[in-house]
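Contents: one structure, followed by commentary.
The values are calculated or read from the model by the stated rules, or taken from the named source; none is laboratory data. All of these numbers come straight from a predicted model, not from anything done at the bench. As a convention, Cβ positions derive from the backbone with ideal geometry for all residues, glycine included, and neighbour counts pool all protein chains shown. Just so you know, the surface numbers come from the protein's heavy atoms only, side chains and all, with ligands and any DNA or RNA stripped out. Shrake-Rupley method; radii C 1.70, N 1.55, O 1.52, S 1.80 Å.
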Amino acid sequence: MPLPTAKDKLLFTPGPLTTSLDVKQAMLHDAGSWHHEFNAKVAGIRNALLGVAGVSRDAGWECVLLQGSGTFGVEAVFLTGVPPSGKVAILSNGAYGERMVLMLQHARIPHVVLRTPEDVPNDPRALDELLALDPDITHVAAVHCETTTGILNPIAELGAVARRHRKTYVVDAMSSFGAYPIDLEACGIDYIISSANKCIEGVPGFSFILCRRAVLLATEGWARSLSMNLLDQLRGFEKNGQFRYTPPTHALLAFERALAELAMEGGPAGRARRYQENHAALIQGMASLGLPPYLRPEVQSHIITSFAYPVSPAFQWPDFYARVAEKGFLLYPGKISKADTFRIGNIGRLFPSDMRAVVHAIREALTEMGVPLPG
Ligand SMILES: *Cc1c(COP(=O)(O)O)cnc(C)c1O
């Protein structure tokens, strides 16, 4: 193990992310999960998340926190929110869309999948046609930033279609919430899911679901799971301010601090500016190494970027990864099925200078390996 004083490697990943020292230090406490001081923090976090999303209880919105990683939050929405007679249309262009398909298979919930290639956004017209043809569909589910590639999907256009057909609309905004201003009303969203360790810059331990209260209350009696029943979870918070089962107390303390830092940065719009600057510094630096992004700029998010492997027999991903890691920077493997890529995230407590530093480390690693560079 590194000494406690050793500097952590910087994480250029889709989460968990590099967090601030204050976020880490907020965890140096043992909180009683039943005690009123802690309950007040949980209530404050739920209120603050509604604020980050620009919605309110008065306008009919609710925030439910759920133990577990982001996947648990998405699965809980399906296990709670789809009626016994329900059917879900999933838009998929990557691993997280496919993970929703797996969830529905496991829950034996009827579903239909609208796929586009991994470098092509979801198609609202195809959704319109499908919903016109299949009246059994009750829910539409999409992924905002498909972290597989870093592609951004048209959640507003999809939502307009879902709303016109009166379907419940579920958005996995795991890697984009907090980093893109999302207008829940304008997008026609009913449930949106994210987690503690992505763009709010907290540590792993729980997911959160923002939803229309009336939509969640209407799910009475549908839940296919005890621990992942979001309606009961909401009732738990309303009854005594507590999670129903042991909460990740330390992760919640860290998250409270992370939310304060998000507010200081100017909310999602302010955070978006820093991430855009990070992304621009990354793209510029990688271009100088002859490595352009895999996606077209029009569909590329400012969250995470896929790069094709350099075309050289001297390039081996494990060796490259290890060399860059030794220099203090953790990259992320690629996940695209039809191309050899690796990914570089630019979210978390990272700044343009960190992006320039990782590009410098990549340049050194490629040079050591004998991979030819331009110029
Ligand atoms: C990170 C992520 C998830 C959830 O992943 P966990 O490992 O369960 O936290 C889901 N969807 C998207 C788009 C993600 O980026």
note = If we ask which residues in the range 97-112 are open to solvent by less than 40 Å² (accessible area, probe 1.4 Å) and touching a residue at least 24 places away in the same chain (Cβ under 8 Å), their number turns out to be 7
ask   = Hey, among the residues in the range 49-67 that are aliphatic (A, V, I, L, M) and over 18 Å from the mean Cα position of the chain (by Cα), which one's surrounded by the fewest Cβ atoms within 10 Å (Cβ to Cβ)?
value = Ala59
inquiry  = Suppose we filter Ser337, Ser301, Ser288 for residues that are polar (S, T, N, Q) and buried (at least 20 other Cβ atoms within 10 Å of the Cβ); which single one remains?
reply    = Ser301
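Every residue, every condition in (1) aromatic (Phe, Trp, Tyr); (2) modelled with pLDDT of 95 or more; (3) under 23 Å from Ile303 (Cβ atoms); (4) touching a helix residue (DSSP H, G or I) at 6+ places or on another chain (Cβ under 7 Å), yes or no:
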position	(1), (2), (3), (4)
Asn197	no, yes, yes, no
Ser207	no, yes, yes, yes
Ala214	no, yes, no, no
Trp222	yes, yes, no, yes
Leu230	no, yes, no, yes
Glu256	no, yes, no, yes
Met264	no, yes, yes, no
Test set (1) closer than 24 Å to Pro248 by Cα; (2) surrounded by 24 or more Cβ atoms within 10 Å (Cβ to Cβ); (3) among the small types (Gly, Ala, Ser) - Gly94 fails condition number = (1)
request  = State which residue is farthest from the chain's Cα centre (by Cα) when the search covers only the range 156-176 and only residues that are open to solvent by 10 Å² or more (accessible area, probe 1.4 Å) and within 15 Å of the ligand (Cβ to nearest atom).
outcome  = Asp172
Filtered residue count, the range 68-87, keeping only those that are more than 16 Å from the ligand (Cβ to nearest atom) and surrounded by 24 or more Cβ atoms within 10 Å (Cβ to Cβ) = 3
inquiry  = Exactly one condition in (1) in contact (Cβ under 8 Å) with a residue 40 or more places away in the chain; (2) in a helix (DSSP H, G or I); (3) more than 11 Å from Leu282 (Cα to Cα); (4) under 29 Å from the mean Cα position of the chain (by Cα) is false for Glu368; which is it?
reply    = (4)
query = Taking the condition open to solvent by 40 Å² or more (accessible area, probe 1.4 Å), in contact (Cβ under 8 Å) with a residue 12 or more places away in the chain and within 12 Å of the ligand (Cβ to nearest atom), does Arg115 pass?
reply = no
key: Residues of the range 224-240 satisfying the condition of being open to solvent by 20 Å² or more (accessible area, probe 1.4 Å) and over 29 Å from Gln105 (Cα atoms)   = Glu238, Lys239, Asn240
key: Candidates Phe329, Phe315, filtered to the one that is in contact with a strand residue (DSSP E or B) (Cβ under 7 Å, 6 or more places away or on another chain) and not hydroxyl-bearing (Ser, Thr, Tyr)   = Phe329
query = Condition test on Ser176, is it of a type in the set (Gly, Ala, Ser), out of contact with any helix residue (DSSP H, G or I) (no Cβ under 6 Å at 6 or more places or on another chain) and within 15 Å of Val143 (Cβ to Cβ)?
reply = yes
message = Anything in the range 119-155 that is within 16 Å of the ligand (Cβ to nearest atom), in contact with a Pro (Cβ under 8 Å, 6 or more places away or on another chain) and either open to solvent by 10 Å² or more (accessible area, probe 1.4 Å) or closer than 16 Å to Ile189 by Cβ (or both)? List them, or say none.
response = Pro121, Asn122, Leu152, Asn153, Pro154
query = Looking at the range 7-48, which of its residues are open to solvent by 80 Å² or more (accessible area, probe 1.4 Å), among the charged types (D, E, K, R) and not in a loop (DSSP other than H, G, I, E, B)?
reply = Glu37
